[in-house]
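Report on one structure; see the data block that follows.
Bear in mind these aren't lab numbers, they're just calculated from the coordinates by the rules spelled out. The structure displayed is predicted, hence computed values, not measured ones. Cβ: placed from backbone, ideal geometry, glycine included. Neighbour counts: every protein chain shown.
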Amino acid sequence: MHDAARRVLTALTPDGDEAQEWAEDELTEQIYQEAQPTAFDRAAKAVGDFIASLFSGDVPAGAAPWFAAVAVLVVLAVIVIAFVIWGLPRGASRSRTPIELFGETDERSAGELRSQADAAAAAGDWDEAIVLRFRALARGLVERTIVDPEPGTTVHRFARVASRAFPGECAALDRGADAFDDVRYLRRPGTEASYRLIAELDGRLAASAPVLREDVPA
């Protein structure tokens, strides 16, 4: 009986070559193939190892400048990717934030308002052009965080606050506010001259840096 069992075990026990062949056949099974790292996994690991080596102490002295340059490029790439995924900082998103300007809630950007004002001016609709261009001027200062108007702020109140940041434009801001009120509330016909005044003022403010708050006269 024992001899028969030994003969069975001997028949089932492979020799060296046969055992290697069995192992190779087993490793070709799908379950083992799926467990192997993919090309993406290997590439990701290589990139991760490379980045880790940049910050390790094992960088040869002669290669230090090159590694530093690569590290800077990696940081810049991360920043760009962050902008793409999460967008610009909060301050830059103000151009799409609805705000109340002179009795109306508006989400148009300063650029959009300027384009619409130019279109109205081209059509000879000076009333609409004046209103839109002064709104563009105000929206531009809001987007730049120079002025933060409270709900209910009038156009003249806005002009006074803006003149603190641009004291040299105090008179022009006041005239622009008058032109806005004339066509918006007093129903006086707008003129090309009034529109040009506001458009030129808007252009100067957009190209100018505001006076620092501590330098603004009380």
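For this structure, a couple of remarks:
- Measuring r between the beta carbons of I99 and L73 and using R0 = 45 Å, the FRET efficiency lands at 0.70.
- Charge sum, other residues only, whose C-beta stays under 15 Å from G152's C-beta, Lys/Arg counted +1 and Asp/Glu -1: -3
- A full extension of the chain between A119 and A206 corresponds to an added length of 29.4 nm, given 0.36 nm per residue minus the alpha carbon distance.
- T145-A171 FRET efficiency (beta carbon distance; Förster radius 22 Å; 0.05 resolution): 0.35
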